[in-house]
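What follows is calculated from the coordinates using simple rules that are stated; it is not laboratory data. Bear in mind that the values here come from a model prediction, so they are computed numbers and not experimental data. Don't worry about glycine lacking a Cβ; one is built from the backbone with ideal geometry, like all the others, and counts go over all protein chains shown.
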Amino acid sequence: MADFQSITLEIEAGLAVLTLNRPDRLNALSAQMKSELLAAVRKIGAPYSGVRALLITGSGRGFCAGADLAESAAQGDLRDAGANLIDSYHPFFLELAALEIPVVSAINGVAAGAGMSLAISADLVLAARSAYFLQAFVNIGLVPDAGSTFLLPRLIGTQRARAMMMLGEKVPAETALEWGLVYDVVDDDKLMDTARTLARKLANGPTRAYAGIRSLMKSSADNSYAEQLQAEAGAQRLASRTSDSAEGVMAFVQKRPADFKGK
Ligand code: T3D
């Protein structure tokens, strides 16, 4: 367990579990938490870290209530939210997006503001039945940030994204599932077991193929059809040369489960 104050990070057998840990503030993103998140994601993404999947969740009754508004208020007239984003949010969100391993988020309660941006930055978002999503920004006169205007319309379409962003209303987990914002919704008491099982499956899977899938899903947002076919061919060339691909094919022929090593 690494030595952090506002988060915890456990790494076991290739699975990293990162827990936001300021439950009395609904895990709001303080300066300290953001700097610890950056350190954690760098540790996870470091060469030879051995981490093959990341699970992100929150402690207590919230996933993350977004920016720590007590800190925002304390900045008073000197506050420049744009500078805050560039200095203390973007480095973390960019490193998270650049990870070459699958990321799962387990949404245990409210995911609001930049906390919602974090929730939907994951490849697979799993929500507890009592959880909800909130584009809280507009309620305090701000615009969505930390990637929400990029990710949200791509996940749920522009009309629903605009409604969430402009109305600032709670979207319950079941609605989020219907809209395609989350992969699945489970009973609250099953959330962490289900999330760990899912993340463990990914940690034991063909890691380099997952890296290729992450990269292709990103490039498909902007590429033409022809460019994306080309990107698929490039990624497939790399994947087909991995030991895991050789193992997958051999396991199929020998009618046994594949034993992927992430190489
Ligand atoms: O400058 C920049 O940093 C730019 C970046 C901006 C990114 C953003 O994320 S902007 C959006 C910031 N987030 C919000 O506006 C959400 C604020 N919170 C809420 O609207 C509500 O707390 C919730 C809807 C999330 C939950 O409501 P509820 O009724 O379940 O809980 P609560 O009683 O409001 O909150 C519980 C405690 O957590 C409470 O403290 P207390 O009274 O028990 O001492 C509350 O003040 C605290 N808390 C909740 N959210 C935040 C927070 N403390 C600091 N920052 C928060 N965001």
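Between amide H atoms placed 1.01 Å from N, distances below 5 Å from Ile7 occur with Asn21, all of them 5 or more places distant or on a separate chain. First check a/c for segment 138-237, with a ≥ b ≥ c the square roots of the eigenvalues of its C-alpha gyration tensor; if it is under 1.5, answer rounded, and if not, answer prolate when a/b is larger than b/c or oblate otherwise. Oblate is the answer for segment 138-237, as a/c is 1.5 or above yet b/c matches or exceeds a/b.
Taking amide H positions as modeled 1.01 Å from N, with prolines and chain starts lacking one, the residues under 5 Å from Ala67 and 5 or more places away or on another chain are Leu29, Ala114, Gly115. Give me the base-10 log of I(q)/I(0) for segment 207-254 at each q in 0.22, 0.29, 0.32 Å⁻¹, Debye formula, one uniform scatterer per Cα, rounded to two decimals. Reported log10 I(q)/I(0), two decimals: -0.75, -1.00, -1.11. Among the chymotrypsin sites (Phe, Trp or Tyr not before Pro) in segment 134-218, none is located in a DSSP loop while being surrounded by at most 13 other Cβ atoms within 10 Å of its own Cβ. Counting neighbouring beta carbons within 10 Å and listing from fewest to most, the residues Lys43, Lys263, Lys255 come out as Lys255, Lys263, Lys43. Length gained on full extension, Arg61 to Tyr225, computed as 0.36 nm times the residue gap minus the Cα-Cα distance: 54.7 nm. Cα centroids of segment 193-219 and segment 109-147: how far apart, whole angstrom? Taking the Cα centre of each part, segment 193-219 and segment 109-147 sit 22 Å apart. For the chain, the longest principal axis of the Cα atoms and the long axis of helix 243-253 meet at an angle of about 60 degrees.
Charges at C-beta only: +1 for Lys and Arg, -1 for Asp and Glu. How large is the resulting dipole of the chain about its Cα centre, in Debye rounded to 20? Provide the component values of the computation, followed by the final result.
On the way: 26 positive and 28 negative charges, 155 e Å.
Magnitude of the dipole: close to 740 debye.
To the nearest ten degrees, helix 31-45 and the longest principal axis of the Cα atoms of the chain are 0 degrees apart.
So what's the back-of-envelope 222 nm ellipticity for the chain, counting only DSSP H runs of four-plus at -39500 (n - 2.57) apiece and dividing by all residues, rounded to 500? Could you put the intermediate results ahead of the total?
Details: 12 runs with 120 residues, N = 263.
The helix-only estimate for the chain comes to -13500 deg cm²/dmol at 222 nm.
Under 5 Å from the amide H of Gly58 lie the amide H atoms of Leu20, Asn108, each residue being 5 or more positions distant or on a separate chain, with H modelled from the backbone and absent for Pro and chain starts.
Largest first, the three principal axis extents of the alpha carbons in the chain are 64, 43, 36 Å in whole numbers. When DSSP beta bridges are restricted to pairs lying wholly in the chain, around 25% turn out antiparallel.
With +1 on each Lys and Arg Cβ and -1 on each Asp and Glu Cβ, and nothing else charged, work out how big the dipole of segment 154-229 is about its Cα centre, in Debye to the nearest 20.
That gives segment 154-229 a dipole magnitude of about 380 debye.
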